[in-house]
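Since the structure comes first, as structure tokens, the remarks are kept for the end.
The values are calculated or read from the model by the stated rules, or taken from the named source; none is laboratory data. This one's a predicted model, so the numbers in the text were calculated from it and none came from an experiment. Backbone-built Cβ (ideal geometry, glycine too); neighbour counts: all protein chains shown. Just so you know, the surface numbers come from the protein's heavy atoms only, side chains and all, with ligands and any DNA or RNA stripped out. Shrake-Rupley method; radii C 1.70, N 1.55, O 1.52, S 1.80 Å.
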Amino acid sequence: MKSTLAAAVTSTLVACAAAIGPAPALAQQPPISLKAMGSFHIGGKTFEISGKPVKEVLFSPGGVPAKIDPNGTYIAGQMYVQYFIPQEERGAYPLLMWHGGGLTGVTYETTPDGREGWLNYFLRKGWAVYNSDAVERGRSGWAQYPDIFQGEPVFLTVSGPFDRFRIGDGAGSWSDDPAKRKVLPGNQFPVDAYTQFIKQNVPRWTTTDSLILDAYSQEIEKVCPCVILVHSQAGKFGFDMAQKHPDKVKALIAVEPAAVGDPKLAAKLAGVPVLMLYGDYIESDSRWPTIRQRGMDFAKLIRDAGGTVDVVNLPEKGIKGNSHMIMMDRNSDEVAGLIQNWLAEKKLYR
């Protein structure tokens with residue numbers, strides 16, 4: 001009887017495994033030894049709402065309705081931060097990871113196709129990593145709009161990132177039929193797992209920058225001195241915060257920054273080493289040549305002020321096929337290695 005039951009369980013597990021697919025690559029890695037891990041919320045302000053009608057809400061089917069008065073004091077604009085401290089720290093300072101627009105800290109966790117992300121990569125190298133969900137994203141939480149968050153959230157369609165993040169070959173390259181999708185030649189994004197990436201997308205606002213900057217500033221005050229790694233939308237936040245806290249930001253890594261800091265304050269970054277990374281297919285894109293050129297112009301201002309900015313166009317280094325989501329591409333570890341080497345060259349790694 002026991003053998004029959006065991007055989008049945010084994011058969012079921014095999015069937016489930018087949019349905020789920022191969023185990024993620026992270027299962028083959030040696031264990032990560034942590035000294036500590038945890039999380040906290042930081043930032044946030046109180047807001048008052050008044051003049052709203054009281055509502056009767058049924059929270060559970062079959063339950064008893066409750067009267068909810070939406071008028072009163074709220075806390076909004078807080079940011080969720082999760083940290084991992086390795087048993088043997090080798091990074092000279094903590095590494096803060098800030099994600100891009102419409103995304104969360106999941107950006108740096110497991111890749112859409114199941115490989116370890118940059119969070120684990122740098123943790124394994126001995127960096128204390130602080131990964132966050134920016135204000136109004138993920139575990140940081142929403143707030144009423146337009147009462148607290150002005151305007152309305154912006155949502156991403158399934159096709160939007162495929163067309164705009166240099167995965168597909170321009171507008172209209174997405175198709176529900178995998179055979180009809182037009183992928184850029186040699187693209188490194190794991191296209192077979194694209195829908196897994198889309199499930200990570202969250203709504204975003206275009207009106208919450210002041211709350212985001214306030215939360216990031218408080219994180220810096222709490223955690224730093226530190227190294228900050230930013231992506232896309234967070235490029236602007238990273239440069240702004242390095243200009244505000246040049247004594248606490250020991251290096252800034254900007255992965256395809258969508259915007260940069262205040263040109264009038266470029267001299268504030270004279271003592272902050274900066275690495276700017278750009279992927280492939282930029283020349284043929286409708287927006288990215290202009291975005292990158294603005295980055296180059298800002299880099300020149302920093303250099304003119306006596307600062308150090310290293311710009312890496314990955315194809316020029318023989319690293320080809322990268323989309324806008326470099327940390328998710330199949331060669332993400334190779335790019336992470338380039339960043340790691342740069343940090344070591346800057347004497348930020350023990």
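Would you mind telling me which residue in PRO225, PRO185, PRO161 has the biggest mean-square fluctuation in a Gaussian network model of the chain, where springs connect alpha carbons within a distance under 10 angstrom? Among PRO225, PRO185, PRO161, the largest mean-square fluctuation in the Gaussian network model of the chain belongs to PRO185.
The phi torsions of the stretch 34-47, fed into the Karplus equation with coefficients 6.51, -1.76 and 1.60 and a -60° offset, translate into couplings of 10, 7, 6, 8, x, 7, 7, 9, 9, x, x, 9, 8, 10 Hz, rounded to whole numbers, with Gly and Pro shown as x. Here the calculated FRET efficiency for TRP142 and ALA36, from their Cβ-Cβ distance with R0 = 35 Å, stands at 0.75, rounded to the nearest 0.05. The convex hull drawn around the Cα atoms of the stretch 50-178, when projected onto a plane and averaged over every direction, covers 13.6 nm². Tell me, what % of the accessible area of the stretch 85-134 is carbon and sulfur with a 1.4 angstrom probe? C and S fraction of accessible area: 40 percent.
Once you treat every alpha carbon in the stretch 194-296 as an equal point and sum by Debye, what is log10 I(q)/I(0) at q = 0.13 Å⁻¹? Reported log10 I(q)/I(0), two decimals: -0.52.
Ordering 59-70, 300-311, 273-284, 318-329 by mean Cβ neighbour count within 10 Å, with the highest value first, yields 318-329, 273-284, 300-311, 59-70. A 1.4 Å probe run over the protein chains yields, for the stretch 310-350, 43 Å² of accessible area per residue, whole-number rounding.
Spatially close Lys pairs in the stretch 196-350, defined by Cα atoms under 18 Å apart and a spacing of eight or more places or different chains, total 19.
Once backbone amide H atoms are built at 1.01 Å from N, VAL311 has MET276 as its partners under 5 Å, excluding neighbours fewer than 5 places away on the same chain.
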